[in-house]
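Data block below; observations after.
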Amino acid sequence: MRRLLSGVKPTGPIHLGNYIGALRNWLQFQLDYENFFFVADLHALTVRQDPKVLAERIREIARMFLAVGIDPQKSVIFVQSDVPEHSELTWLLNCVTRMGELERMTQFKDKAREGRERAGVGLFDYPVLMAADVLLYQTDVVPVGEDQKQHMELTRDLAIRFNRDYGETFRVPEPFIPEVGARLMSLSNASKKMSKSDDDPQGCIELLDAPDAITRKFKRAVTDSGTEIRFDPSRPAITNLLVIYQLLTNQTREEIETHFSTRGYAQLKNELAERMIEFLKPVQERFNSITDAELDTVLDEGCARARVVASQTLGEARRRLGVERKAMRSMSQ
Ligand code: ATP
Ligand code: MG
């Protein structure tokens, strides 16, 4: 089976965009791939975090993987920082990465808002950590949003260069961009994507939101001018709401437009809230039923399984580079 890797950063409460853009697809991937799913906590550190909050969020995200139905028997579920090979391979790859390659990354340019001088080195180096994540597991496929395409190109370039200069070590991965739901927009501003690190929580449906919060957020959601309820790219706010409706009901666009041809925004928002609450209820129940001990067992086992693969790849990379003393000695004997 082909191998797939994907992660979520513990930078904020997990939300509907993460579900639609990532977790929902993961459920499908469980049928076709050998999967490695992880909480990307080392990536979260590229932006300042409160340590206590971060520690809780790491567990919250992992618990949510299980609550939405990711099966630890089928998939390897782990926390990135539990597997030290990620950090170590990052260093080795840093030494084959060029400054210019990282300087070209548009996400660094966007995120380093306070300017280059004050931006963290970790933020600059983020794409190399991502390359290490992917290459450690000899990954075939990495599902990513449009925003990560450039980072995946770098990952491929680094793998190809390392293999050429030091010998065949890494599988060269392919990006995979899902067609639908690749980008849910904020409910309060349809030109911004729904995101964990958004300062305005009203735009974001959190998977752990209580029913009244969900009702309130949909009620306050922005809509476009006009009254018609149709999928229409020139009316991004209403289209975003309809996309959510479509994902919750599995109806076709025609069915949805027909249903709402005689109804108004208020009804759409009511129905959205009702469907959303209904959808989240069992997820939240499962989330609350998973004990700390159960979660730790899953993550300990996931870490052990991940390290079997990761340590093998890292060992090979070290041997190739000449920094594996014990292996070298046995080779010279
Ligand atoms: P941050 O704001 O810290 O970057 P985020 O909300 O963008 O957080 P990530 O951890 O970066 O979340 O992304 C986790 C997964 O969720 C990725 O696969 C990403 O493509 C997907 N994702 C994030 N936001 C959305 C969204 N609005 N619509 C669809 N998919 C999304
Ligand atoms: Mg993101």
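The values are calculated or read from the model by the stated rules, or taken from the named source; none is laboratory data. Bear in mind the structure is a predicted one, so any value in this text is a computation, not a measurement. Because the Cβ atoms are built from the backbone with ideal geometry, glycine has one as well, and the counts that use them run over all protein chains shown. These accessible areas exclude ligands, DNA and RNA; they are computed on the full protein's heavy atoms, side chains included. Shrake-Rupley method; radii C 1.70, N 1.55, O 1.52, S 1.80 Å.
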Open item on the list: Tell me the per residue accessible area of segment 201-288 using a 1.4 Å probe; a whole number in Å² is fine.
Closed with: 53 Å²
Open item on the list: For a 26 Å ceiling on Cα separation, which of these pairs sit above it: Lys149/Lys217; Lys109/Lys193; Lys74/Lys269; Lys74/Lys192; Lys149/Lys196?
Closed with: Lys149/Lys217; Lys74/Lys269; Lys74/Lys192
TODO: Describe numerically, in nm with one decimal, the distance between label points set 7 Å from Cα along Cα→Cβ at Val308 and at Thr249.
DONE: 4.6 nm
Open item on the list: If you average the alpha carbon positions of segment 111-148 and of segment 39-89, how far apart do those two centres end up, in angstrom?
Closed with: 16 Å
Open item on the list: Under the 0.36 nm per residue contour assumption, what length would be gained going from the current alpha-carbon distance of Arg171 and Thr291 to full extension?
Closed with: 39.5 nm
TODO: From largest accessible area down, sort Val172, Val323; use a 1.4 Å probe on the protein chains.
DONE: Val323, Val172
Open item on the list: Name the residue from Ile244, Asn288, Ser234 whose Cα lies farthest towards the positive end of the charge dipole of segment 201-288, charges +1 on Cβ of Lys and Arg and -1 on Cβ of Asp and Glu.
Closed with: Asn288
Task: Potential lengthening between Lys192 and Ala119 on full extension [0.36 nm per residue; Cα-Cα distance subtracted] - done: 24.0 nm
- [ ] Evaluate the distance, in nm, between pseudo-label points positioned 7 Å from the Cα of Glu274 and of Asp147 along their respective Cα→Cβ axes.
- [x] 3.4 nm
- [ ] Helix by helix through the chain, keep the DSSP H runs that span 15 Å or more along the axis on Cα and average at least 0.5 on Kyte-Doolittle, and give those back in order.
- [x] 121-136, 236-249
Open item on the list: Using a probe radius of 1.4 Å on heavy atoms only, what accessible surface per residue do you get for segment 1-117? Whole Å² is fine.
Closed with: 47 Å²
Task: Heavy-atom accessible surface of segment 201-288: percent carbon and sulfur, 1.4 Å - done: 50 percent
TODO: With all protein chains present, calculate the accessible area of Lys111 using a 1.4 Å probe and round the result to the nearest 10 Å².
DONE: 90 Å²
Open item on the list: Can you compute the equivalent ellipsoid semi-axes for the chain, i.e. the square root of 5 times each eigenvalue of the Cα gyration tensor, sorted largest first and rounded to whole Å?
Closed with: 39, 22, 18
Task: Share of carbon and sulfur in the accessible heavy-atom surface of segment 64-118 [1.4 Å probe, %] - done: 47 percent
Task: Expected 222 nm ellipticity per residue - DSSP helices of 4 or more, -39500 (n - 2.57), all of the chain, to 500 - done: -17000 deg cm²/dmol
Open item on the list: Under a Cβ-only charge scheme (Lys and Arg +1, Asp and Glu -1), can you give me the dipole magnitude of the chain about the Cα centre, in debye to the nearest 20?
Closed with: 640 debye
Task: Largest to smallest accessible area among Cys95, Cys204 [probe 1.4 Å] - done: Cys95, Cys204
